[in-house]
Structure formats: structure tokens, C-alpha cells
1. Would you mind finding the one in 54, 30, 66 that is open to solvent by less than 20 Å² (accessible area, probe 1.4 Å) and closer than 23 Å to residue 120 by Cα?
2. Does residue 101 count as under 22 Å from residue 44 (Cα atoms), at pLDDT 90 or above, among the polar types (S, T, N, Q) and in contact with a Lys or Arg (Cβ under 9 Å, 6 or more places away or on another chain)?
3. Exactly one condition in (1) under 26 Å from residue 24 (Cα atoms); (2) over 18 Å from the mean Cα position of the chain (by Cα); (3) open to solvent by 70 Å² or more (accessible area, probe 1.4 Å); (4) of a type in the set (Val, Ile, Thr) is not met by residue 155; state its number.
4. Can you tell me which residue in the stretch 80-89 is nearest to the chain's Cα centre (by Cα), limited to those that are open to solvent by 60 Å² or more (accessible area, probe 1.4 Å) and either more than 26 Å from residue 32 (Cα to Cα) or at pLDDT below 90 (or both)?
5. Among (1) under 26 Å from residue 151 (Cβ atoms); (2) at pLDDT below 85; (3) β-branched (Val, Ile, Thr), which single condition is residue 26 missing?
6. Considering each residue of the stretch 138-152, count those that are at pLDDT below 85 and open to solvent by 80 Å² or more (accessible area, probe 1.4 Å), and give that number.
7. Enumerate the strands (runs of 3 or more DSSP E) found wholly within the stretch 25-72, keeping only those where 3 or more residues are of a type outside the set (A, V, I, L, M) and touching a strand residue (DSSP E or B) at 6+ places or on another chain (Cβ under 8 Å).
8. Please count how many residues of the stretch 91-137 are open to solvent by less than 30 Å² (accessible area, probe 1.4 Å), in a helix (DSSP H, G or I) and within 23 Å of residue 60 (Cβ to Cβ).
Amino acid sequence: AILTVVLSVLFSTRTKFDLSTFIHHINTFLFIKQFDDKFVTGFFGEYDANTRKLKYIYCGHEPAYLITDDTIQHLFSNNLPLGIIDENYETKEISIPKGASLFLYTDGILEYAKDNEIKSYLKENISLSPKDNALNLYKKLVTDKDNQKDDFTCIIMKF
């Protein structure tokens, strides 16, 4: 929770920034502070609607899925989580086709279904709105809300 507040403050102090430089500053800050040997995983991105390009930095989080009518592609790299070592984080860039969806999620979702099951569901329901897709996925996977195993956090963006 403390690291979430720290990241929130760091993000709120910026209005415009270079993604790579910003992630480097966050990592350096977390590495120097050594919050009881805690670290942060994340997927950080910057989308340019004019060029339809997504520039992203993956930091040891669950891989994002880019879902199109034909494919589901994992977006990740070999970067470590933030705050572990002083590292130069690799920035990647990908073209986003019209109508594609981006699915970001926490590891809690993997407590309810395997990776292939989630991908299959998302592929079958690509035509749904992001809100309906997330709500239906929750209803499908979390069948006993009173004994929920872990968090169920996801973001679905449609381009």
C-alpha cells in the first residue's frame, strides 16, 4: 500500500514526460529507498492515437495481452520489477490495429483460471465493450464471492 501511494505521488507530479526516463527515475528512487526489500511490478505504456503506436515498458508484471480478431499476443520483456537493481529498462513499441483490445491484469486473476482459459474467453468476447467484457469475465471466474481467493483486477482498453 505504501508503494502504491509513492507511485501515485510520483505520477501525479508529472504532466508530460519521456516514458523511459520517467521509469528510470522511479526505479532509481525505489532502489535507493529500499522499502524493506519490496519491489513494484508494472506495465507502463504511452499510446499515440495519431500513429496508433503503443510504447511500453514491462517491469516483471504479468504480460499484457494484445487481442485482435486473429491473434492474442503477449507484451512483455526481460525487465525485472522496479526497485530491485539499477537497471536500464527496455522500451518496446508495437502498432495497434483498429478494433484491437489490450488486457492488463494482476496475478490474482490467475488464481481463478489458467492463462489459456483467460485468452480463450477474451478471444471469444472481443466484440463486447471493455466494461461488459470485464464484468462477464468476473462473473464467469469468481463463482463464490464470499470466499474470493485473491484480488480480481484488470483493465481492458479498446482501440
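The values are calculated or read from the model by the stated rules, or taken from the named source; none is laboratory data. Predicted model, so just to flag it, every value in this text is computed and none were measured. All Cβ positions, even for glycine, are placed from backbone atoms using ideal geometry, and neighbour counts span all protein chains on display. What goes into the accessible areas is simple: the full protein's heavy atoms, side chains included, and nothing from ligands, DNA or RNA. Shrake-Rupley method; radii C 1.70, N 1.55, O 1.52, S 1.80 Å.
1. Answer to the check: 66.
2. Answer is yes for this residue.
3. Result: residue 155 fails condition (2) only.
4. If we take residues in the stretch 80-89 being open to solvent by 60 Å² or more (accessible area, probe 1.4 Å) and either more than 26 Å from residue 32 (Cα to Cα) or at pLDDT below 90 (or both), then 88 is nearest to the chain's Cα centre (by Cα).
5. (2)
6. Of the residues in the stretch 138-152, 5 are at pLDDT below 85 and open to solvent by 80 Å² or more (accessible area, probe 1.4 Å).
7. 42-48, 53-59
8. Here the count works out to 4.
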